[in-house]
Amino acid sequence: MFEKGQKRLLIALSLIFIAFVTICIYIYQNREALKKEAFVEPDFDKNIVEGIPSGLDKEWNYSSLEIQKGKNLALCATPVMNEKDLQLYLTSDFDNDFWLKVRVLDKKKQVLGECGLLKPGSYVKNIRLTKNVKSGKKLTLYLMMYEKGSYQSAGSATIGIVVL
């Protein structure tokens with residue numbers, strides 16, 4: 001029926017197929033464990049403060065906003081420059097289900113500075129910029145949200161602010 005060479009080829013292909021199916025079954029059955037082993041939690045901002053800031057100057061217009069449904073943060077809409085530090089009091093709401101990172105952009109969309117990741121229920125007082133920004137300058141905050149536990153994108157948004 002089959003010649004010797006054809007039998008060997010058929011056996012080799014059968015073994016390769018069985019090995020492939022075995023590997024696929026193993027990956028499918030262990031996919032959650034493999035994901036957890038591969039994920040390493042990223043570093044969070046070194047200046048992170050747990051809680052919500054208080055006692056801020058009313059001129060800074062510290063207020064909450066909903067950037068997407070169920071995604072809230074608070075910040076100073078008119079922050080103050082302290083040398084090269086933008087005093088923003090960027091706060092991630094306690095109920096957020098994501099990590100937050102923010103880049104400060106000038107009108108040419110060049111990055112002037114950024115904070116590290118924020119956990120829900122925490123804030124950073126300042127974001128260090130590469131240069132001092134004068135009062136009255138308009139800046140853009142580029143908000144990047146990441147799913148907790150996977151670091152996959154959970155969306156992004158932009159907010160315009162004016163330096164006091």
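The values are calculated or read from the model by the stated rules, or taken from the named source; none is laboratory data. What you are looking at is a predicted structure, and each value in this text was computed from that prediction instead of being measured. All Cβ positions, even for glycine, are placed from backbone atoms using ideal geometry, and neighbour counts span all protein chains on display.
Return the only residue of GLN110, GLN87, GLN68 being in the same structural domain as SER156 (by TED's automatic domain parsing) and within 15 Å of SER156 (Cα to Cα). Write out each step before concluding.
Numbers: GLN110 fails: within 15 Å of SER156 (Cα to Cα); GLN87 fails: within 15 Å of SER156 (Cα to Cα).
Criteria check complete, one pass: GLN68.
If TYR123 satisfies every condition in (1) closer than 30 Å to ARG31 by Cβ; (2) among the hydroxyl-bearing types (Ser, Thr, Tyr); (3) at pLDDT 95 or above but one, which is the exception?
Status for TYR123: all satisfied but (1).
Just name the residue that is farthest from VAL111 (Cα to Cα) out of those in region 138-149 that are loosely packed, with under 14 Cβ neighbours inside 10 Å and not acidic (Asp, Glu).
We begin by selecting, within region 138-149, every residue loosely packed, with under 14 Cβ neighbours inside 10 Å; these are 138, 147, 149.
Imposing the further condition that a residue be not acidic (Asp, Glu) reduces the set to 138, 149.
On the way: LYS138: 13, GLY149: 27 Å.
Residue satisfying both the conditions and the ranking: GLY149.
Among LYS71, LYS134, LYS107, LYS84, which is surrounded by 15 or more Cβ atoms within 10 Å (Cβ to Cβ), more than 22 Å from the chain's Cα centre (by Cα) and modelled with pLDDT under 95? Steps first, please.
Numbers: LYS71 fails: more than 22 Å from the chain's Cα centre (by Cα); LYS134 fails: surrounded by 15 or more Cβ atoms within 10 Å (Cβ to Cβ); LYS107 fails: surrounded by 15 or more Cβ atoms within 10 Å (Cβ to Cβ).
So the residue among LYS71, LYS134, LYS107, LYS84 that is surrounded by 15 or more Cβ atoms within 10 Å (Cβ to Cβ), more than 22 Å from the chain's Cα centre (by Cα) and modelled with pLDDT under 95 is LYS84.
Scan region 74-99 for residues that are under 16 Å from LEU117 (Cβ atoms), part of a strand (DSSP E or B) and of a type outside the set (A, V, I, L, M) and jot them down.
THR91, SER92, PHE98, TRP99
Looking at this structure, is GLU41 more than 23 Å from ILE159 (Cβ to Cβ), out of contact with any helix residue (DSSP H, G or I) (no Cβ under 7 Å at 6 or more places or on another chain) and part of a loop (DSSP other than H, G, I, E, B)?
Values: more than 23 Å from ILE159 (Cβ to Cβ): yes; out of contact with any helix residue (DSSP H, G or I) (no Cβ under 7 Å at 6 or more places or on another chain): yes; part of a loop (DSSP other than H, G, I, E, B): yes.
In short, yes.
As an exercise: evaluate GLY55 against (1) surrounded by 10 or more Cβ atoms within 10 Å (Cβ to Cβ); (2) within 30 Å of ASP95 (Cβ to Cβ); (3) modelled with pLDDT of 85 or more; (4) not polar (S, T, N, Q) and give the number of the one condition it does not meet.
Every listed condition holds for GLY55 apart from (1).
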